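The values are calculated or read from the model by the stated rules, or taken from the named source; none is laboratory data. Since the model is a prediction, treat every value here as computed from it, not as a measurement. Quick reminder, even Gly has a Cβ in these numbers, built from the backbone with ideal geometry, and neighbours come from all protein chains shown.
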Amino acid sequence: MPEQQPASPLIGRLTGFLTAGSAFLIWGLTPIYVKALKIVPAYEILLHRIVWSMLLLMLLMVLFRRSVSYFLRIIREKRPMSLLFISTLLVAANWFIFIYAINSNQILQTSLGYYINPLINVMLATLFLKERLRRLQLLAVLIAAVGVTWLTIHYGAFPGLAVLLGLSFGLYGLVRKVAAVPALEGLMVETLLLSMPAIVGLFYLNHNGTGAFLNINLGTDLLLAGTALITAIPLLLFTLGVRRLEFITIGFLQYLAPSITFLLAVFVYDEPFSKVQWYTFACIWAALSLFTWDAVAAYHDSRQ
């Protein structure tokens, strides 16, 4: 059956904030998990993420008693399936870029990519969803843009991975928002579309004896199977949240994930940390503080 909407706008916003915020928290900590699989090629990790996520989502559909007939109706409808096909390609590209960047010791590129992403969301929201910024929100966007631009200019080379990462996820969020498909059913369709080529790829790797699964150790096997949790759960939380919040608000919540990733890169994995990164980090958090202030003021006005 279709996803039920919250009883009031306030409850809807709070639910969206908590679910989307939890998704970005998990994404921010994901490099720790991927680093534990550094002996496995990025493309093979991607294949496992797809297959295990599909199995987990099937279990969730049973547990949540989702209607099979409603799921099949989504598949038969042309417009939702067209949009979900596009979102499937976008999310697969995003997953691969993210894993590749971490496995190649470019965690700061992922941080930069997700710092750029909210700015892309603002652009997409303005162009396609006709959303408008309040004055303090606009000032926050400008401060964040200064920080991201400063980091981009002083990066030393064009940050291609970062740009592709931010753009692919921004477009994914936009497509899922306009698709108007419940979160669980939509993710199920996406993983099903990806699962057949993924299963063929894993079969080929294991048939040739080059696959990691069942060929290294039990710990690696469990970590590969566990990619379903770090993939499906935050994506499910994100798609639940994105439909209950303004797209611009989602954009600013996304600063949580790159901030955590940034700290991991610098303080845990010892990637270089210069004054350029510090200035950018300060700008980002200044923008977030301003945006939060505006949100509290808007909430107060609505209560009045």
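Restricting attention to region 253-277, and to residues there that are in a helix (DSSP H, G or I) and among the polar types (S, T, N, Q), which single residue is farthest from residue 107 (Cα to Cα)?
Across region 253-277, the extreme among qualifying residues is 277.
Within the bounds of region 78-97, is there any residue that is loosely packed, with under 13 Cβ neighbours inside 10 Å, in a helix (DSSP H, G or I) and either basic (Lys, Arg) or touching a residue at least 40 places away in the same chain (Cβ under 8 Å) (or both)?
yes
Report, by residue number, each residue of region 40-55 that is in a helix (DSSP H, G or I), among the hydrophobic types (A, V, I, L, M, F, W, C) and buried (at least 19 other Cβ atoms within 10 Å of the Cβ).
Scanning region 40-55 gives 42, 45, 46, 47, 50, 51, 52, 54.
Can you tell me which residue is modelled with the lowest pLDDT among those in region 261-282 that are surrounded by 21 or more Cβ atoms within 10 Å (Cβ to Cβ) and under 27 Å from residue 124 (Cα atoms)?
Checked region 261-282; the qualifying residue modelled with the lowest pLDDT is 277.
Please state which one of 188, 196 is crowded, with 21+ Cβ neighbours inside 10 Å and aliphatic (A, V, I, L, M).
Being crowded, with 21+ Cβ neighbours inside 10 Å and aliphatic (A, V, I, L, M) holds for just one of 188, 196, which is 188.
Considering only region 130-142, state which residues are assigned to a loop (DSSP other than H, G, I, E, B) and either without any contact (Cβ under 8 Å) to a residue 60 or more places away in the chain or within 12 Å of residue 291 (Cβ to Cβ) (or both).
The answer is 130, 132, 133, 134.
What single numbered condition from (1) in a helix (DSSP H, G or I); (2) more than 30 Å from residue 10 (Cα to Cα); (3) not aromatic (Phe, Trp, Tyr) fails to hold for residue 250?
It is condition (2) that residue 250 fails.
Just name the residue that is nearest to the chain's Cα centre (by Cα) out of those in region 101-151 that are aromatic (Phe, Trp, Tyr) and surrounded by fewer than 23 Cβ atoms within 10 Å (Cβ to Cβ).
Checked region 101-151; the qualifying residue nearest to the chain's Cα centre (by Cα) is 128.
Suppose we filter 57, 25 for residues that are touching a residue at least 12 places away in the same chain (Cβ under 8 Å) and farther than 21 Å from residue 261 by Cβ; which single one remains?
57
Mind checking which residues of region 1-22 are under 12 Å from the mean Cα position of the chain (by Cα) and at pLDDT below 90?
Passing the criteria: 20, 21.
Please verify whether region 222-236 includes one or more residues that are out of contact with any helix residue (DSSP H, G or I) (no Cβ under 9 Å at 6 or more places or on another chain), among the hydroxyl-bearing types (Ser, Thr, Tyr) and part of a helix (DSSP H, G or I).
no
Can you pull out every residue in region 67-77 that is in a helix (DSSP H, G or I) and surrounded by 12 or more Cβ atoms within 10 Å (Cβ to Cβ)?
70, 71, 73, 74, 75 - these are the residues of region 67-77 that are in a helix (DSSP H, G or I) and surrounded by 12 or more Cβ atoms within 10 Å (Cβ to Cβ).
Restricting the search to region 213-257, which residues are in contact (Cβ under 8 Å) with a residue 60 or more places away in the chain, of a type in the set (Gly, Ala, Ser) and out of contact with any Ser or Thr (no Cβ under 6 Å at 6 or more places or on another chain)?
Answer for region 213-257, where residues must be in contact (Cβ under 8 Å) with a residue 60 or more places away in the chain, of a type in the set (Gly, Ala, Ser) and out of contact with any Ser or Thr (no Cβ under 6 Å at 6 or more places or on another chain): 225, 226, 251, 257.
Among the residues of region 143-161, how many are in contact (Cβ under 8 Å) with a residue 40 or more places away in the chain and assigned to a helix (DSSP H, G or I)?
9
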